[in-house]
Amino acid sequence: MATAALLSLVIPVHDEAESLEALQRELDAAVGSWPGGLEILFVDDGSRDASRACLQAIAEKDPRVRVLALDAQHGQSAALDAGFRAARGELIAMLDADLQNDPADLPRLLAALEHADVVCGVRVARRDGFVRRAASRIANAFRNAVTGESVRDVGCSLRVMRSRQLARVKLHRGMHRFLPTLLALEDARVIELPVAHRPRRHGRSKYGIADRLFAGLVDVFAVRWMKSRRLAYRVCELDRDSASNARTASEARSEP
């Protein structure tokens with residue numbers, strides 16, 4: 001049963017000091033009593049505000065919280081990779097720190113792991129402006145057309161997955177956008193479920209329209225190349241008895 005497994009939450013943070021205490025309270029309300037145990041990994045990606053101090057204060061009050069700090073700002077892929085590698089759980093959930101993902105969706109996504117290896121959120125009733133929503137639709141359509149996938153919302157950060165497949169994935173800069181596809185290449189069963197989307201309460205988005213439309217262009221074709229070059233074979237080792245039986249059967253057929 002998935003509920004008996006340790007759950008690791010991995011949350012990249014960059015200049016989100018105003019959101020962190022509220023996020024911690026919502027996480028505790030949503031999965032604080034997870035039967036298999038819980039750890040919360042905040043990964044500070046070179047914040048320049050008070051995020052790191054705020055995270056340390058949260059960790060002092062809650063032993064389930066771990067704080068990882070990158071040496072500088074390296075981006076979301078690096079922050080996620082650091083968190084994934086440090087996570088101890090058999091189940092891993094990821095979400096943003098800006099409160100636009102709703103932690104209350106986590107129990108439903110985790111329950112769906114009974115029939116899947118990866119459950120990706122699909123944002124409904126998005127609370128972003130028209131330009132950002134249009135950019136997201138264009139990016140989704142383009143990535144799916146090039147990679148041959150059908151992921152409806154690659155920009156949604158709310159996902160849960162099993163660590164055994166995730167451990168096989170090597171992330172590169174920007175590749176967190178293609179995590180469902182990379183996990184599918186490792187034979188993970190990927191499904192999608194609708195999730196809530198909330199307006200940003202504090203600060204501003206760390207990623208502009210240009211990032212969404214153009215920064216991943218080369219990455220799309222890199223993923224397409226990876227899919228085309230994927231090794232896909234089955235192998236079994238024959239024991240001595242099988243080989244001996246095969247020789248005996250062959251000799252019997254050759255007798256007059």
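Overview of results
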quantity	calculated
Residues being in contact with a helix residue (DSSP H, G or I) (Cβ under 9 Å, 6 or more places away or on another chain) and either under 25 Å from Pro35 (Cβ atoms) or of a type in the set (D, E, K, R) (or both) - total across the stretch 68-87	3
Subset tally (residues that are within 20 Å of the chain's Cα centre (by Cα), within 19 Å of Arg200 (Cα to Cα) and among the aliphatic types (A, V, I, L, M)) for the stretch 21-48	2
Test: Val218 is of a type in the set (A, V, I, L, M) and modelled with pLDDT under 70	yes
Pairs where the first residue, in the stretch 20-40, is within 18 Å of Leu55 (Cβ to Cβ) and the second is open to solvent by 10 Å² or more (accessible area, probe 1.4 Å) and in a helix (DSSP H, G or I), C-beta under 8 Å, 6+ apart	Leu20/Cys54; Leu20/Ile58; Glu21/Cys54; Glu21/Ile58; Gln24/Ile58; Glu26/Ala104; Ile40/Gln24
Residues located in the stretch 52-73, provided they are surrounded by 15 or more Cβ atoms within 10 Å (Cβ to Cβ) and either closer than 16 Å to Arg173 by Cα or hydroxyl-bearing (Ser, Thr, Tyr) (or both)	Leu70, Gln73
Residue in the stretch 44-51 that is surrounded by fewer than 15 Cβ atoms within 10 Å (Cβ to Cβ) and in contact with a helix residue (DSSP H, G or I) (Cβ under 6 Å, 6 or more places away or on another chain) present	yes
Of all residues in the stretch 231-256 being within 30 Å of Met175 (Cβ to Cβ) and open to solvent by 90 Å² or more (accessible area, probe 1.4 Å), the one that is modelled with the lowest pLDDT	Leu231
Some residue of the stretch 51-69 being more than 23 Å from Leu166 (Cα to Cα) and acidic (Asp, Glu)	yes
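The values are calculated or read from the model by the stated rules, or taken from the named source; none is laboratory data. Computed from a predicted model, the values in this text were never measured in an experiment. Neighbour counts are summed over all protein chains in view; Cβ atoms, including those assigned to glycine, are modelled from backbone coordinates with ideal geometry. Just the protein is used for accessible areas: all its heavy atoms, side chains included, with ligands, DNA and RNA removed. Shrake-Rupley method; radii C 1.70, N 1.55, O 1.52, S 1.80 Å.
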